[in-house]
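The values are calculated or read from the model by the stated rules, or taken from the named source; none is laboratory data. Just so we're clear, the structure is a prediction, and the values are computed from it rather than from any experiment. In this analysis, Cβ positions are derived from the backbone assuming ideal geometry, glycine residues included, and neighbour counts consider all displayed protein chains. For accessibility, only protein heavy atoms count, side chains too; no ligands or nucleic acids. Shrake-Rupley method; radii C 1.70, N 1.55, O 1.52, S 1.80 Å.
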Amino acid sequence: MPLSSAAIASNISINFPSLPTPKIVKCRSFPINNNANIGHQRAAAFMVSRSLSFATKSLSGDRNASVDVDVPFPSDYPELLDQARKATDLALKDNKQLMEIEFPTAGLQSVPGDGEGGIEMTGSMQLIREFCDGFINPEKATRTRIFFPEANEVTFARESTFGGTSFKLDYLTKPSFFEDFGFFEKVKMADRVKLEDELFLVAYPYFNVNEMLVVEELYKEAVENTARKLIIFNGELDRIRSGYYPSFFYPKLAKLSTTLFPKMETVYYIHNFKGRNGGTLFRCYPGPWRVLRKVGNKFICLHQQEKMPSLKEVALDILTSA
C-alpha cells in the first residue's frame with residue numbers, strides 16, 4: 001500500500017547549478033591520508049553526527065543555499081560515510097527512489113579482489129551499521145528494513161554488528177538442501193515486507209547471481225509507485241554493467257542494465273584502477289562523475305562528466321590519455 005510521501009522525504013527542493021562536461025578539466029587538488037583503511041575508522045565510528053535523517057532532516061532550510069559539488073576524495077572511512085550520508089540525503093530531497101552506494105572496503109585505494117570475500121562482506125556490514133547510525137533517526141529505525149544476502153547472514157548480523165539495534169533485519173535468499181551446488185530457496189518479497197516499512201537497504205547482494213534478481217522483485221513489488229526508498233549498498237553492480245555475466249547464460253541478470261539500472265541514481269561511488277595509468281572514478285551526488293589520479297600526496301582531477309562512464313572507457317580512454 002503506498003505510503004504518504006511526507007513520511008520519507010522533505011518537501012524542500014534544492015536547485016543545483018548546471019555542470020560542465022569538458023573532456024579534460026582543471027579541478028582543485030586535495031591532500032589524502034595514505035593510512036585510510038577500515039581499521040582506522042572504527043574507533044571514531046560512533047562520533048559521527050546523528051543529525052541526518054532520511055525521513056525529515058535537511059542539510060539546509062534555505063532554498064537558495066549552494067551545494068558543494070566539488071567534494072574531495074575522502075581521507076578516511078568516517079569522512080567517506082559522512083559524504084555518503086549527505087549525498088543520500090540530497091538525493092532523497094530530489095525524490096530519488098532507487099539509489100546505489102558503492103566503495104571499496106579493503107582500503108580506500110583498494111580494488112575488487114584485494115580483500116578476501118568474507119572479510120569484505122564483514123567490513124561492509126560494519127560500515128552499513130555506521131552509515132545507518134549516523135543517517136537514520138532512532139525513531140525511524142523500526143521502519144528501516146535491512147536485507148542481507150541470505151538467512152545465515154542475518155543470524156550473524158544479529159549476533160555481532162547489529163546486536164541490540166532496532167533495525168529490521170531480513171534476507172533475500174534462503175539456503176536449500178542443495179546449497180553446495182549453488183541452489184537457494186526463493187523468498188517472496190511481498191511476504192517479507194511490512195506495511196510500516198519506509199526504507200529498504202540491501203547489503204552487498206553479489207555473492208549469488210539470484211540476489212540482484214530478488215532485489216529487482218523487491219523494487220517492483222514494494223517500492224515502485226510508493227513513497228518507499230531503496231538503497232543498494234556495495235552490490236558490485238559493475239559486474240552486471242560490464243558484462244561479467246554473459247547474457248547468454250544469465251539473460252535475466254544482464255537485462256537489469258536496461259530495466260532496473262536506468263531507474264537508479266548512484267549517489268556515492270568509488271572505483272579504483274591500478275597500474276601505470278591508475279586512477280579513481282569518483283562520484284558524490286549531486287556532483288559530476290570525476291576521474292582522479294594520485295600525484296604525490298594529492299588527488300588531481302583529470303576529467304569530469306555528468307553521466308557515468310563505463311569502466312572500460314575510464315581505463316582505456318581517459319586514464320591512458322591523461
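One table, with the values for the structure above:
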quantity	calculated
Checking residue 232 against (1) open to solvent by 10 Å² or more (accessible area, probe 1.4 Å); (2) modelled with pLDDT of 95 or more; (3) touching an Asp or Glu at 6+ places or on another chain (Cβ under 8 Å), the condition it does not meet	(1)
Number of positions in the range 74-95 that are assigned to a helix (DSSP H, G or I), hydroxyl-bearing (Ser, Thr, Tyr) and more than 15 Å from the chain's Cα centre (by Cα)	0
Evaluation of residue 127 against (1) surrounded by fewer than 22 Cβ atoms within 10 Å (Cβ to Cβ); (2) at negative phi (one fails), failing number	(1)
Complete set of residues in the range 181-218 that are modelled with pLDDT under 95, open to solvent by 40 Å² or more (accessible area, probe 1.4 Å) and either under 17 Å from the mean Cα position of the chain (by Cα) or acidic (Asp, Glu) (or both)	185, 191, 207
Given (1) assigned to a helix (DSSP H, G or I); (2) on the phi > 0 side of the Ramachandran plot; (3) of a type outside the set (Phe, Trp, Tyr), index of the condition residue 158 fails	(2)
Unmet criterion (only one of (1) closer than 29 Å to residue 203 by Cβ; (2) of a type outside the set (Asp, Glu); (3) in contact with a Pro (Cβ under 6 Å, 6 or more places away or on another chain)) for residue 298	(1)
Residue that is surrounded by the fewest Cβ atoms within 10 Å (Cβ to Cβ) [pool: residues in the range 285-298 that are modelled with pLDDT under 95 and under 24 Å from residue 81 (Cβ atoms)]	297
Test for residue 240: is it in a strand (DSSP E or B), under 28 Å from residue 88 (Cβ atoms) and under 20 Å from the mean Cα position of the chain (by Cα)	no
Meets criteria (outside any loop (DSSP other than H, G, I, E, B) and either farther than 19 Å from residue 202 by Cβ or in contact with a strand residue (DSSP E or B) (Cβ under 9 Å, 6 or more places away or on another chain) (or both)) for residue 126	no
The listed residue being among the hydrophobic types (A, V, I, L, M, F, W, C) and within 19 Å of residue 257 (Cα to Cα), out of 230, 195	230
Among the candidates 142, 122, 173, residue that is open to solvent by 20 Å² or more (accessible area, probe 1.4 Å) and modelled with pLDDT under 95	122
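Per-residue answers, yes or no, for (1) among the polar types (S, T, N, Q); (2) surrounded by fewer than 21 Cβ atoms within 10 Å (Cβ to Cβ); (3) in a strand (DSSP E or B):
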position: 220; (1), (2), (3): no, yes, no
position: 226; (1), (2), (3): yes, yes, no
position: 248; (1), (2), (3): no, yes, no
position: 255; (1), (2), (3): no, yes, no
position: 258; (1), (2), (3): yes, yes, no
position: 277; (1), (2), (3): yes, yes, no
position: 303; (1), (2), (3): no, no, yes
position: 307; (1), (2), (3): no, yes, no
position: 314; (1), (2), (3): no, no, no
